[in-house]
Amino acid sequence: MNTPDVIRLASQYLANLAGHKFDVLDVSKPVTVNSAVNLAKVISKLSPLLGNLIEFNTVEFLNKQDNFSELGSWERQDPGFPDTIFVGDVQPTPGLEIKAWFPLATEITARFKDSQNHFQFDQTHVAMLAWLPEKIIYGKPYILDVCVVSGLSVALARDTHYHNPPDYLVLEPEDTTQRTANLQQTSTSGYKFQGSADEFLEAQEIVGGHLNFERILLHSCAVKD
């Protein structure tokens, strides 16, 4: 079994969690209409706590599957990236970044800053578990659905969306592999232009000149070939 096989198998198991209730916490049924209204306003505040509990239990769930036991085991490395990796005989090391999403919140609040270089072997995937309390605002956490996608595709979509020079720049991290683990950098950086309107026009001219130079260079190489 190779890295894609491990990730594909893990994805299939995670997909089977749709409709599953996690017995990690139970929000009591409100006793009055007013208490129900108030609970509906604050239930999303449980999302960070329950999200982590779901992540912990997801790793335990994967380790209970017999198909993985002879090859290795899934191990948490939070706050490292990704959340869990498969430690064993499979290389490059398969990994899953697990995101628990509460759909009634205004957005998916999840940081995903790692460089595209981290995913050069497509060894890390993102697993998103959408959940709600089983009775919408109370009960046990209930998994609505699961989506597992390539981490590389997420990083590529992120950078393509944001990188728009000179207005916004997405820069890859420097090579810090020789530093100790706590000083190594793997996250991309984003820079928003904050100069004046005149300075922005000047920056646009610089970027335009650079792009024209690249086109001339590419055309020259094509003619030579």
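The values are calculated or read from the model by the stated rules, or taken from the named source; none is laboratory data. It should be emphasised that the depicted structure is a prediction, and the values quoted were computed from it without experimental measurement. Glycine gets a Cβ as well: all are built from the backbone with ideal geometry, and neighbour counts include every protein chain shown. When the accessible area is computed, the model is the full protein with side chains, heavy atoms only, and any ligands, DNA or RNA have been set aside. Shrake-Rupley method; radii C 1.70, N 1.55, O 1.52, S 1.80 Å.
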Lysines whose Cα lies under 28 Å from that of residue 45, excluding same-chain neighbours fewer than 8 positions away: 21, 29, 99, 113, 135, 140
Using all Cα-Cα distances in the chain, what percent lands in each 5 angstrom bin from 0 up to the longest? 1, 6, 11, 13, 14, 13, 11, 9, 8, 6, 5, 2, 1, 0, 0, 0
Using modelled backbone amide H atoms (1.01 Å from N, in-plane), which distant-in-sequence or interchain residues come within less than 5 Å of residue 144's amide H? 19, 130, 131, 132
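Would you list 69, 150 from the most to the least accessible area, probe 1.4 Å?
69, 150
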Heavy atoms of residue 137: accessible area, 1.4 Å probe, square angstrom to 10: 30 Å²
Along its principal axes, what span do the Cα atoms of region 102-162 show, with the longest given first and each in whole Å? 42, 23, 12
Inter-site label distance for residue 46 and residue 34 at 7 Å from Cα along Cβ, in nm: 2.2 nm
Residue-wise, which Karplus ³J(HN,Hα) couplings in Hz belong to region 183-197, taking 6.51 cos²θ - 1.76 cosθ + 1.60, θ = phi - 60°, and x for glycine or proline? 10, 6, 10, 10, 9, 6, 10, x, 10, 9, 5, 10, x, 7, 4
Which whole-Hz couplings ³J(HN,Hα) result when phi for each residue of region 61-67 is put into the Karplus expression 6.51 cos²θ - 1.76 cosθ + 1.60, θ = phi - 60°, listed in order with x for Gly and Pro? 4, 5, 6, 7, 7, 4, 5
Once amide H atoms are built 1.01 Å from N in the peptide plane, which residues 5 or more positions from residue 112, or in another chain, come under 5 Å H to H? none
Two pseudo-spin positions, 7 Å from Cα along C-beta at residue 167 and at residue 77, lie apart in nanometres by 3.7 nm
Inter-site label distance for residue 87 and residue 57 at 7 Å from Cα along Cβ, in nm: 2.4 nm
Multiply the residue separation of residue 201 and residue 185 by 0.36 nm, subtract the distance between their alpha-carbon atoms, and state the gained length in nm to one decimal. 2.5 nm
Residue by residue through region 84-100, which ³J(HN,Hα) values in whole Hz follow from phi under the Karplus form 6.51 cos²θ - 1.76 cosθ + 1.60 (θ = phi - 60°), with glycine and proline marked x? 9, 10, 9, 8, x, 8, 8, 9, x, 5, x, x, 10, 9, 9, 10, 9
Stretched out fully, how many nm does the piece from residue 121 to residue 194 gain, at 0.36 nm a residue minus the Cα gap? 22.7 nm
In whole percent, and with a 1.4 Å probe on the protein chains, what portion of the accessible area of region 110-197 is carbon and sulfur? 53 percent
Accessible area, 1.4 Å probe, largest first: how do 28, 35, 115 sort? 28, 35, 115
With unit charges on the beta carbon (Lys/Arg positive, Asp/Glu negative), name the residue among 47, 86, 72 whose Cα is farthest towards the positive pole of the charge dipole of region 3-141. 47
Divide by every residue of the chain the summed helix terms, -39500 (n - 2.57) for each DSSP H run of at least 4, and state the resulting mean residue ellipticity at 222 nm, rounded to the nearest 500 deg cm²/dmol. -12000 deg cm²/dmol
